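The structure that follows is given in the form of structure tokens.
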Amino acid sequence: MTALHPKPVLGIIGGSGLYDIDGLENVRWEKISSPWGEPSDELLFGELEGTQLVFLPRHGRGHRFSPSSINYRANIDALKRAGVTDIVSLSAVGSFHDHLAPGTFVIVDQFIDRTFAREKSFFGTGMVAHVSMAHPVNARLGDWCEAACQTADIPMQRGGTYLVMEGPQFSTLAESNLYREWGCDVIGMTNMPEAKLAREAEIPYCTVAMVTDYDCWHPDHDNVEVDAIIQVLLSNAEKARQLVRAVAKKMPERPAVCPSGDDKALQAALITHADARDSALLEKLDAVAGRMLKGES
């Protein structure tokens, strides 16, 4: 059986400082249940520039969840159940370079995952899958975000490596210097396992990392101060809304089949033989892996 091509629906995951999207029409907040637990919040549905959009505040409205306590699996599963076909993830980060000053947006293309206290896969005993993460960010979405930054005159760097730390504490000076030696560009606490789970759910994903501060490596910023970060967050949030509006305008151009194959990531990933699959786990995977489990192409 061949599945119909889904209608483009843009999913936005908002990080620190971005808890809503203004300018939406036909707005409603809706609770989406997930077998993986409770998502961070209800989902905000609406239309922007003629595009269906679904917004999820990653930390919940009021910033209730720390990076380690976010239920990333429930968040991605809920977005999949809501019909989201593409995700742009907005994330507050620290910078490892002088030229990536506060207020700069980095359209990330690589990650180093240093988290250790989070569930990182929808799959496991009774249904094993291995997806490729060589290129974790969707190039088409990256192109659209780059063009959006240029149109809105937002300082931007295309490409960069995002070091994802566990948190909630900020880095030690030794850690900050080590990550700089590794060639990382920015540091944050939230985009892993988010990017991995989006890949497993076959949703093209892109990270826009919004710089709020220099990490503690910088001689003039040896302590990361929350008050100063909040001021930049507010400015970045307004820029982010401009970016979202510009990307929404591009969604009608979304190809029916993603050239990168991100929307078919499970095609050769499921390894457990049909006779050995766990029925309870399969029920939880009805949205994430439904295309493959139903035999769709």
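Out of the residues in the stretch 125-135 that are in contact with a helix residue (DSSP H, G or I) (Cβ under 7 Å, 6 or more places away or on another chain) and farther than 13 Å from Ala201 by Cβ, state the one that is surrounded by the most Cβ atoms within 10 Å (Cβ to Cβ).
Among those residues, the one meeting the criterion is Met127.
Results for (1) touching a strand residue (DSSP E or B) at 6+ places or on another chain (Cβ under 6 Å); (2) within 27 Å of Leu48 (Cβ to Cβ), shown as yes or no for each residue.
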position: Leu163; (1), (2): yes, no
position: Gly167; (1), (2): no, no
position: Ser171; (1), (2): no, no
position: Glu202; (1), (2): no, yes
position: Thr207; (1), (2): yes, yes
position: Thr212; (1), (2): yes, yes
position: Pro219; (1), (2): no, no
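For the stretch 101-110, name all the residues that are surrounded by 20 or more Cβ atoms within 10 Å (Cβ to Cβ) and in contact with a Lys or Arg (Cβ under 9 Å, 6 or more places away or on another chain).
Phe105, Val106, Ile107
Pairs please, first residue from the stretch 270-297 and under 16 Å from Leu197 (Cβ atoms) and β-branched (Val, Ile, Thr), second anywhere and assigned to a loop (DSSP other than H, G, I, E, B) and at pLDDT 95 or above, Cβ atoms under 8 Å, 6+ apart in sequence or on different chains.
Here the result reads Val288/Phe122; Val288/Ala201; Val288/Glu202, each pair linking the stretch 270-297 to a residue that is assigned to a loop (DSSP other than H, G, I, E, B) and at pLDDT 95 or above.
Contact list please: Cβ distance under 7 Å, first residue in the stretch 158-172 and more than 16 Å from Lys196 (Cβ to Cβ), second residue modelled with pLDDT under 95 and among the hydrophobic types (A, V, I, L, M, F, W, C), pairs at least six apart or on different chains.
As it stands, the answer is Phe170/Cys216; Phe170/Val224; Ser171/Cys216, since those pairs meet every condition given.
Which ones in the stretch 31-46 are closer than 20 Å to Val88 by Cα and outside any loop (DSSP other than H, G, I, E, B)?
Matches in the stretch 31-46: Leu43, Leu44, Phe45, Gly46.
Exactly one of (1) free of Cβ contacts under 8 Å to residues at least 24 places away in the same chain; (2) surrounded by 18 or more Cβ atoms within 10 Å (Cβ to Cβ); (3) polar (S, T, N, Q) is unmet by Thr51. Its number?
Single failed check for Thr51: (1).
Is it the case, given these coordinates, that Ala246 is at pLDDT 80 or above, within 29 Å of Gly103 (Cα to Cα) and surrounded by 15 or more Cβ atoms within 10 Å (Cβ to Cβ)?
Taking the combined requirement at face value, the residue satisfies it.
Follow-up. If you take the residues in the stretch 1-23 that are part of a loop (DSSP other than H, G, I, E, B) and crowded, with 18+ Cβ neighbours inside 10 Å, which one is modelled with the highest pLDDT?
Filtering the stretch 1-23 for residues that are part of a loop (DSSP other than H, G, I, E, B) and crowded, with 18+ Cβ neighbours inside 10 Å, the one modelled with the highest pLDDT comes out as Pro8.
Okay, next question. Taking interchain pairs and intrachain pairs at least six residues apart, which have beta carbon atoms under 7 angstrom, with the first residue in the stretch 234-252 and in contact (Cβ under 8 Å) with a residue 60 or more places away in the chain and the second of a type in the set (Ser, Thr, Tyr) and buried (at least 23 other Cβ atoms within 10 Å of the Cβ)?
Asn236/Thr212
Give the residues of the stretch 146-157 that are part of a helix (DSSP H, G or I), in contact (Cβ under 8 Å) with a residue 40 or more places away in the chain and touching a strand residue (DSSP E or B) at 6+ places or on another chain (Cβ under 6 Å), sorted by residue number.
Cys149
The values are calculated or read from the model by the stated rules, or taken from the named source; none is laboratory data. Just so we're clear, the structure is a prediction, and the values are computed from it rather than from any experiment. Note that each Cβ is placed from the backbone with ideal geometry, even for glycine, and that neighbours are counted across all protein chains shown.
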